[in-house]
Amino acid sequence: MAAVTMRLPAARAPLDSSTPRGGEKHLVAPGDTITTDTGYMRGHGTYVEDDKLIASVAGVVERVNKLVCVRALKGRYNGEIGDIVVGRITEVQQKRWKVETNSRLDSVLLLSSINLPGGELRRKSAEDELAMRDYLQEGDLISWHRQAEVQSIFSDGAVSLHTRSLKYGKLAQGVLVQVSPSLVKRQKTHFHDLPCGASVILGNNGFIWIYPTPEQKDDEAGGYTANLEPVPLSDREVISRLRNCIMALVTHKIMLFDTSILYCYEASLPHQIKDILKPEVTEEIVLEAQQRLLDSEG
């Protein structure tokens, strides 16, 4: 007879929402009137009808001075200049790579926008174009300065990527988690070394890369060669736990940033990794992490 896992009901403290949270979010659905004040300017996700500013998508209203826009709660990634993204090479073309970045169109990485191996500074030649597959080829998961940065947006909405340092290259020895871009909180840095022994790259495009924290970070050779050394079991367990914690936060629509992920990780430690995604365990650890976030904002 197969074993059956049972958990007895436990008393759970209610979430204390009395802590100030900086104001409630203004959520709207398509067709909702945002304002009747004609002094506001129309931004993304809005349109004007009968002197009223109306939402065209479901999302959160954001105001910057007199500009009003609606950030969709769910959808494809819309690139902005300066965004940090993680992507996968889908095609090698003439003097460029096509990169999947969770956008409506594949992003573009020009040969002229990368650093050559070893940091050699010179104009790209025909030999470099012939060697493009030696640098990056289809299927490679990539990131620059362990991150790629959006340089510009084409007229059709496609994103142009570029690199700013030699600390970029192929990603290996980790786990890729894909979430909605709207759940990734914008911060000054999206590269975080967590005290649990793993690091995360929170791409603005919703691609999250989890990997063991490297011992050396001063390698300036340019990362065209992926490190395929075996990963210790302890590191793999930490990565797996972080991955399940991120999925738990996504299930409850909690914003993803270094603090929320770390609080959820610490709340999950009493449970086995495989149990984290059970609905009752997910709710328990997410509520605990949410309460700690509320307490820290107070």
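About the Cα centre of segment 28-72, what is the dipole size in debye to 20, counting +1 per Lys and Arg Cβ and -1 per Asp and Glu Cβ, all else neutral?
Its charge dipole is roughly 220 debye.
Expected output is a single nm value to one decimal: the length gained when fully extending between residue 297 and residue 104, i.e. 0.36 nm times separation in residues minus the C-alpha distance. What is it?
65.9 nm
What is the extension gain from residue 237 to residue 127, computed as 0.36 nm multiplied by their sequence separation minus the C-alpha to C-alpha distance, in nm to one decimal?
Taking residue 237 through residue 127 to full extension adds about 35.3 nm, to one decimal.
By what distance, in whole Å, do the Cα atoms of segment 28-72 stretch along each of the three principal axes, largest value first?
Ordered largest first, segment 28-72 gives principal extents of 23, 22, 12 Å.
How far apart, in nm, are the 7 Å Cα→Cβ label points at residue 283 and residue 33?
It works out to 3.9 nm between the two label points.
Applying a 10 Å radius around every beta-carbon, put 187-199, 263-275 in order of their mean neighbour count, most first.
Most protected by this proxy first, the peptides run 263-275, 187-199.
Once the other residues with Cβ under 11 Å from the Cβ of residue 35 are scored (Lys, Arg +1; Asp, Glu -1), what is the net sum?
Net of charged neighbours comes to +1.
May I ask which of 188/253; 74/274; 66/253; 253/278; 66/188; 98/124 have a Cα-Cα span longer than 20 Å here?
Pairs exceeding the cut-off: 188/253; 74/274; 66/253; 66/188.
Values quoted throughout were computed directly from the atomic coordinates according to the rules given, and no laboratory measurement underlies them. Note that the structure is predicted; figures quoted are calculated from it, not measured. Glycine gets a Cβ as well: all are built from the backbone with ideal geometry, and neighbour counts include every protein chain shown.
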